[in-house]
Structure formats: C-alpha cells, structure tokens
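Have a look at the structure below before the remarks.
The values are calculated or read from the model by the stated rules, or taken from the named source; none is laboratory data. Since we're looking at a predicted model, the values are computed, not measured. Methodologically, a virtual Cβ is constructed for each residue, glycine included, from the backbone with ideal geometry; neighbour enumeration extends over all protein chains shown. Heads up: the accessible areas ignore ligands, DNA and RNA and are worked out on the full protein's heavy atoms, side chains in. Shrake-Rupley method; radii C 1.70, N 1.55, O 1.52, S 1.80 Å.
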Amino acid sequence: MGFNEIAPFDDPLPEIIEEEPDCDDIETEEDEYDEPTDEEPDPFEELHQGLRLNLIWLWDGECLLWCGRRLPRKKPLFWEKLRLAVETLLKRLPEVDPIFCDFQALQGLAQSTWIDGLTDNRSGSANLEGQAMTDLDGHLFPLARLLADQGNAEGELPKYLKTAWLEETIRKRLGLDARASVSWRQVKTWLPEAVENFCRDLGRITAEAFPLKETVIPFQQPQESTLQRKWLAELRADNRPTKRKEPLQ
C-alpha cells in the first residue's frame, strides 16, 4: 500500500467535540495593556483628603514644584513669588542647622509684613488658609503655619523653633538627660554665642528669601538674662518627668 492510499477502518472515528472557551479565558491584544482612564488619581490628594487641604506644592529635595490641580486663581504673581521664597528657605536653612530638614521647623518663621512685601501688597497678605505643600514621603505642611503667631513680636524666634533648637543643642552638648535639670552654670560659656550665630545665620537666609530692608534684623539675639530665666526655665519645665498616678484599688 502506498503512502497516498487510505487504510480502511471497520469502525468510524469518534467525533471530537471541542469545548467553547470561557469568555474570561479569552486573551486579546487589549488585555496586554491597562485601559487608559480619563483622570489618574492623585496619591497625595487621597492621602490628605480628609484634612480639606489643597496641595499646591511638592518639595522633591531640590525644588519646590507646582503640583496641584486646583491652583490659586487670585494674585498669581504673589503665589509664584511666595513659592520662590519658600523654596529658598527649604534649600538654604539646612545649612544653618539640621533641624530644618523637617517641614515643622518653618512654623511661625515669617511675619505677615514680610509676605506682603513680596508684591508690595498693601491690602494684606493673600489667604494662605487651606493651601499646603508636601514632600515625596507624604509629609504635609499647611502654608498658614508659616505665619508668626500674633503674640510673637518681630525679631523674636518662633516658639516651636526656639524650643526644638534649644532641646537639640542641649542634647548634643550635655546629653539627653540634661534637658530636665540643665543649669545656667553648665551653658553660660557657650550658649550665648551659639544662639547669636544661629540667629545671625537664620536672619541672613530669611533676608535672601524675603525682600527685607537692610535695617531689619529678622531675629534678635536674646539677652543672657532671657536665656537664663526664660529659655532654660521653660526647657526644664517641658522635660520634667510627670508623676505616674497609681491605679485605683
């Protein structure tokens, strides 16, 4: 029998029934790609949406970038100059002290008159409420916190910054446990000079960020009596251990 001859069979071959594939198993070229969406979600907005803050700036470690969907419509020149001022602070202040690597050290740093002077705004500074900036790790800083408290006079260090800097300086010099019992005798030979250098360097960079007059000294060095009777007293009080109450029997 040749190759082209068909061998006879006694019984017919069984019919092979092919099962229809499940619709979920069918692969198409479109499955290789995610379907495009009209609008990608903003991870930073979702992270802080419960706080009702509009994130307009993103600090990437080198530049302060516009990133918000809802940008301030009023006074665009003011907002751009404010962005440049804050960017200068974020870039330069870590040279003064590592404490400025944290957004929180900016609390109360700027007087409202300094912010008004960015655009010679005589009608008062633009409303910073509701606007915020963030970094790549999602740390949030409401811009309204830039403004000094009403009780903080011009030339005086902001309360948060003063406390944080003094605590860290005492810790580095005398150890962690010294903050609750530090005395003037322990610091009088070096603390006044350290505060003077800190205020001077902080003021120099602040003057670079905001258009201050040459006669303005942004942060005045406190008197030694103020350091002794107020700064150190507040530091000891803040770090004094609290007594634990015994549970009721």
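Here the gap between LYS213 and ARG200, fully extended at 0.36 nm per residue and compared with their Cα-Cα distance, gives a gain of 3.1 nm. If the segment from ASP238 to CYS63 were pulled out straight at 0.36 nm per residue, it would be longer than the present Cα-Cα gap by 59.4 nm. For the stretch 155-249, the spread of Cα positions along the three principal axes, ordered from largest to smallest, is 65, 30, 22 Å. So which of LYS162/LYS213; LYS75/LYS162; LYS81/LYS213; LYS162/LYS188; LYS74/LYS213 end up more than 22 Å apart, counting from Cα to Cα? Result: LYS162/LYS213; LYS75/LYS162; LYS74/LYS213 exceed 22 Å. Entry note, the stretch 55-187: relative contact order of 24 percent, from Cα contacts under 8 Å with a spacing of 6+ residues. Full extension of the segment from LEU174 to GLU224, taken as 0.36 nm per residue of separation minus the current Cα-Cα distance, would add 16.1 nm. Which FRET efficiency, nearest 0.05, do GLU129 and LEU84 yield, Cβ-Cβ r, R0 30 Å? The value I calculate is 0.90.
Just the protein heavy atoms count here, and of the accessible area of the stretch 154-197 at 1.4 Å, carbon and sulfur take up 42 percent. Measuring nothing but how far apart in sequence close Cα pairs (under 8 Å, 6+ apart) lie, relative to its length, the stretch 127-249 scores a relative contact order of 25 percent. The listed peptides 207-213, 128-134, ordered by packing as a protection proxy, come out as 128-134, 207-213 (highest mean of other Cβ atoms within 10 Å first).
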